[in-house]
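The values are calculated or read from the model by the stated rules, or taken from the named source; none is laboratory data. Predicted, not measured: the structure shown is a model, and the values here were computed from it. Note: ideal-geometry Cβ built from the backbone for every residue, glycine included; neighbour counts use all protein chains shown. Heavy atoms of the whole protein, side chains included, go into the accessibility calculation; ligands, DNA and RNA do not. Shrake-Rupley method; radii C 1.70, N 1.55, O 1.52, S 1.80 Å.
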Amino acid sequence: MTAAAIRRAAIVVAAMQPDVRAELLLGLEPSTRGLLLDCIAEVESRRWNDRGFALRALDVSSNIDAPVPLSDGELDILLLADHLDAIELARVLQSHGAGDGDFAFAMLPAQLQRPVLAALENSVPMPPALSAATRAAALTLQVELRGEN
């Protein structure tokens, strides 16, 4: 499994009932189980172990309107991906210090992952002020799109 697939699987597995999760994990290779358990711990720490969020992770092209529980300053990459192009998403991820090894990248729709990765690879480092402004703009857009004004 790729790292992105492990992260996506962790979101789904974290939302499962404990007995179902335990049975599924027992059937995995020990190395894969260890990676998945580490990622599940991160998912749970972010409070993403929610059925609606797992459904969105499985089918980002669907119209499932499940709210994503977020901490202050955390990205709703699924929401932003519906409104920003690949280069804009790359800049937002870059401003948040997220790359292709982050959960945010793994949550991108598959058709956006390659163009976003290409934009990230071709980007130059952001000056701190630009990074801060980009983060603020992305979070403001996110609040507006969620109707939390």
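Some points to look at:
- Qualifying residue in region 135-148 (condition: at pLDDT below 75 and open to solvent by 40 Å² or more (accessible area, probe 1.4 Å)): yes
- Among the residues of region 45-56, those identified as open to solvent by 70 Å² or more (accessible area, probe 1.4 Å) and of a type in the set (D, E, K, R) are 47, 51.
- Inter-residue pairs, beta-carbon under 6 Å, first over 12 Å from residue 92 (Cβ atoms) and in region 136-148, second not hydroxyl-bearing (Ser, Thr, Tyr), 6+ apart: 145/79
- All conditions in (1) of a type in the set (Gly, Ala, Ser); (2) open to solvent by less than 50 Å² (accessible area, probe 1.4 Å); (3) at pLDDT 75 or above hold for residue 97, with the sole exception of (2).
- Complete set of residues in region 111-149 that are in a loop (DSSP other than H, G, I, E, B) and of a type in the set (Asp, Glu): 148
- Some residue of region 26-39 being within 15 Å of residue 104 (Cα to Cα), out of contact with any Pro (no Cβ under 8 Å at 6 or more places or on another chain) and open to solvent by 60 Å² or more (accessible area, probe 1.4 Å): no
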